[in-house]
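Read through the structure below, which is laid out as structure tokens, and then see the notes.
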Amino acid sequence: MTNQLLKNGRLVTFDEDIAEQYGLVEKGAIAVSNGEIQWVGEFEDIPQAYRQYEAVDLEGRLVTPTFIDCHTHLVHGGNRAREFEMRLQGASYEDIARAGGGIISTVKATRGKSVEELVEDALPRLDSLIAEGVAVVEIKSGYGLTTEEELKMLRAARELQQRREVIIKTTYLAAHAIPPEYENKSDEYIDQIVLPGMEIGHEEGLIDAVDAFCEGIAFSPSQVERVFNKAKSLDLDIKIHAEQLSNLKGTELAARYGALSADHLEYLEEDGVAAMKTSGTVAVLLPGAFYFLRENKLPPIQSLRDYSVPIALATDCNPGSSPVSSLLLILNLACTLFRLTPEEALKGITLNAAKALGIEKDFGAIKAGKKSSFAIWDAEHPAELAYRAGFNPLHSMYRGDEK
Ligand code: DI6
Ligand code: FE
């Protein structure tokens, strides 16, 4: 791709220097050169230098940054539809986990598959995301729970980037659950599997960030701290699953380690929000899990707003708590269940999702200097994207962002 001038679009820029809601530019134009945005503005203000660029007519359509799904467990074997039935008959998510179902049942299904089979299983979910304008997907390990099985998952995640026009960010989540062979020996699991696996995965270039599930049914804050110390020593980015089912103060711990994001956060309290503000940690909210588990404890949205903590949203696509592979549905759920505004929701899967992955230099907004990566919609107003459920108005994507 060389030099192009995209014109006649309504641009949702999320450029923080533009005062309009959504950073909206009506009758907008974007000058693009070699995958990078050169200039963005009103059509009539186009500088002379860009007027001879090859014209692309957007025909009045809405243009947003491509979407980013910043928290998924997209690579996994099997499904848990039977547990869904059990929960509908009264069993809780935690009951099922303690009875050896839950995450561990997906571990069994994942261990039985080759990299190629995991890739084949994940592709339809990935395609469903891409069909709604997604260009970047974060994928966690965490259903292998041996050194080799965790690395297998990460290899499958990396392979997905070869199969589709998408950027994959990998996260090492060996501290997701305690495997049956380490029952009542979770410290040994960390020493013998989680920490050595991180080192090997890092050496092989398989890990972009490290995550841990800090929860009563998973790992304690002091265990998570050991995982983070290792991550820091390898200079890897840090994320956490925290305050999903109870408040163990995992978020404050992660903030002390300068985490990129803390995710879930239903049970987060104000001291945790203040810690996130200090460390610049993004709050990743996962309304799909909240909905699917029929939770009723809302994350502290107003407190996050009051402290100006950036709010991102993601599918959490996983077979147990959020079998969701639609970011458009997540927009709708975030507005209906969490009462985010459509603007906050859309920013949550673009600019703030980019921040949650540490890629905001290149992605998340339509602004000079960033990659030219746009979703073009058959819609007039950006609120339409959050307002409908089960409807995909994507017209096309414009991708100049090379891997
Ligand atoms: N929290 C979640 O919601 C997912 N993982 C996590 O730590 C659930 C994963 C699963 O149930 O398979
Ligand atoms: Fe998750």
Exercise for the section: For the stretch 101-115, state whether one or more residues are within 30 Å of GLY358 (Cβ to Cβ), open to solvent by 30 Å² or more (accessible area, probe 1.4 Å) and in a helix (DSSP H, G or I). Expected result: yes
Handout entry: Whichever residue in the stretch 304-337 is open to solvent by less than 10 Å² (accessible area, probe 1.4 Å) and either among the aromatic types (Phe, Trp, Tyr) or touching a Pro at 6+ places or on another chain (Cβ under 8 Å) (or both) and, among such residues, is nearest to ligand 1 (Cβ to nearest atom)
Key = CYS317
Exercise for the section: Restricting attention to strands (runs of 3 or more DSSP E) lying wholly within the stretch 121-216, give those where 1 or more residues are among the basic types (Lys, Arg). Expected result: 134-140, 167-175
Problem - Identity of the residue in the stretch 279-325, under 12 Å from the mean Cα position of the chain (by Cα) and assigned to a loop (DSSP other than H, G, I, E, B), that ends up nearest to ligand 2 (Cβ to nearest atom) - result: ASP316
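Going by the structure shown, is ALA174 modelled with pLDDT of 95 or more and away from ligand 1 (no atom under 13 Å from the Cβ)? So that I can check it myself, show each step before the final result.
Working: modelled with pLDDT of 95 or more: yes; away from ligand 1 (no atom under 13 Å from the Cβ): no.
Criteria not met by ALA174.
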Practice task
Consider GLU188 carefully, then state whether it is open to solvent by less than 60 Å² (accessible area, probe 1.4 Å) and of a type in the set (Asp, Glu).
Solution key: no
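Could you check the stretch 144-176 and list, in sequence order, the residues that are in contact with a strand residue (DSSP E or B) (Cβ under 7 Å, 6 or more places away or on another chain) and either polar (S, T, N, Q) or farther than 16 Å from LEU129 by Cβ (or both)?
So the first thing to find is which residues in the stretch 144-176 are in contact with a strand residue (DSSP E or B) (Cβ under 7 Å, 6 or more places away or on another chain), and the list is 145, 150, 154, 157-158, 160-161, 165-173, 175-176.
Hits for the stretch 144-176 are LEU145, GLU150, LEU154, ARG158, GLN161, THR170, THR171, TYR172, LEU173, ALA175, HIS176.
Being touching a helix residue (DSSP H, G or I) at 6+ places or on another chain (Cβ under 8 Å), within 22 Å of VAL134 (Cα to Cα) and among the β-branched types (Val, Ile, Thr): is that true of VAL75 here? Break it down into steps so the answer makes sense when it comes.
On the way: touching a helix residue (DSSP H, G or I) at 6+ places or on another chain (Cβ under 8 Å): yes; within 22 Å of VAL134 (Cα to Cα): yes; among the β-branched types (Val, Ile, Thr): yes.
Yes, satisfied.
The values are calculated or read from the model by the stated rules, or taken from the named source; none is laboratory data. Computed from a predicted structure; not experimentally measured. No Cβ is skipped: glycine too gets one built from the backbone with ideal geometry, and neighbour counts run over all protein chains shown. In case anyone asks, the SASA skips ligands and DNA or RNA and just uses the protein heavy atoms, side chains included. Shrake-Rupley method; radii C 1.70, N 1.55, O 1.52, S 1.80 Å.
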